[in-house]
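Student: Have a look at the structure that comes next, please.
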Amino acid sequence: MDAIDTYFETLAGPQKSALQRIRQIVRTAAPGAEEAISYGMPAFKYKKRYLIGYFAFKNHMSIFPGAVPVAALGDKLIGFKLSKGTIQFTIDNPIPKQTILDIVNIRLKDIDKNGE
């Protein structure tokens, strides 16, 4: 069992399902990305660059796509708690699949263009 699967074993059912959903959407959107632990959390790397991370906290979950997608998709992120490079969500208020796909596509383009 790898570190990411071990992490998922620590999660309660609803959080586990919510983050597995994120994991699957990212896998589909970025088939060339590799799973890794980055900054102590499950993440994906693309061309050896950080793509997106995710983590469960006591009262919410977060994805960590970096500042560019959060700024670019501000109108699609109304209703979520945001910080510079973080989007918080809950079981009752998940991030829509299309928004996650948009985030991943922005990150992929950023990495391809700027290496970031």
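Student: Rg(Cα) of segment 60-116 divided by 2.2 N^0.38 Å?
Tutor: 1.08
Student: DSSP loop (so not H, G, I, E, B), at most 11 other Cβ within 10 Å: list which trypsin sites (Lys or Arg not before Pro) in segment 1-104 pass both filters.
Tutor: 48, 58, 84
Student: With +1 on each Lys and Arg Cβ and -1 on each Asp and Glu Cβ, how big is the dipole of the chain about its Cα centre, in debye rounded to the nearest 20?
Tutor: I would put it at about 180 debye.
Student: On to the next question. Heavy atoms only, probe 1.4 Å: what % of the accessible area of the chain goes to carbon and sulfur, would you let me know?
Tutor: Roughly 53 percent, rounded to a whole number.
Student: Continuing with the same structure: How far is it, in nm, from the label point at residue 113 to the one at residue 76 when both lie 7 Å from their Cα along the line to the Cβ?
Tutor: The answer from the label model is 1.5 nm.
Student: Counting residues in the chain as N, plug N into 2.2 N^0.38 Å and put the Cα Rg over that result.
Tutor: Numbers: Rg = 13.2 Å, N = 116, 2.2 N^0.38 = 13.4 Å.
Ratio of Rg to 2.2 N^0.38 Å for the chain: 0.99.
Student: In square angstrom, what is the accessible area per residue of the chain with a 1.4 angstrom probe?
Tutor: 55
Student: With each pseudo-label sitting 7 Å past Cα toward Cβ, what's the residue 9-residue 27 distance in nm, one decimal?
Tutor: About 1.8 nm, to one decimal.
Student: Could you tell me how many cubic angstrom of Cα convex hull volume segment 10-52 has per residue? It would help to have the intermediate numbers written out before the result.
Tutor: Values: hull volume 2.7 nm³, N = 43.
For segment 10-52, the hull spanned by Cα atoms encloses 63 Å³ per residue.
Student: Taking only DSSP H segments of four or more residues, each worth -39500 (n - 2.57), what value at 222 nm results for the chain once the sum is divided by all its residues, to the nearest 500 deg cm²/dmol?
Tutor: So the calculated ellipticity at 222 nm is -13000 deg cm²/dmol.
The values are calculated or read from the model by the stated rules, or taken from the named source; none is laboratory data. Bear in mind the structure is a predicted one, so any value in this text is a computation, not a measurement. When we count neighbours, we look across all protein chains shown, and the Cβ atoms used for this are built from the backbone with ideal geometry, even at glycine. The protein model used for the area step is the full one, side chains on, heavy atoms only, and it has no ligands, DNA or RNA in it. Shrake-Rupley method; radii C 1.70, N 1.55, O 1.52, S 1.80 Å.
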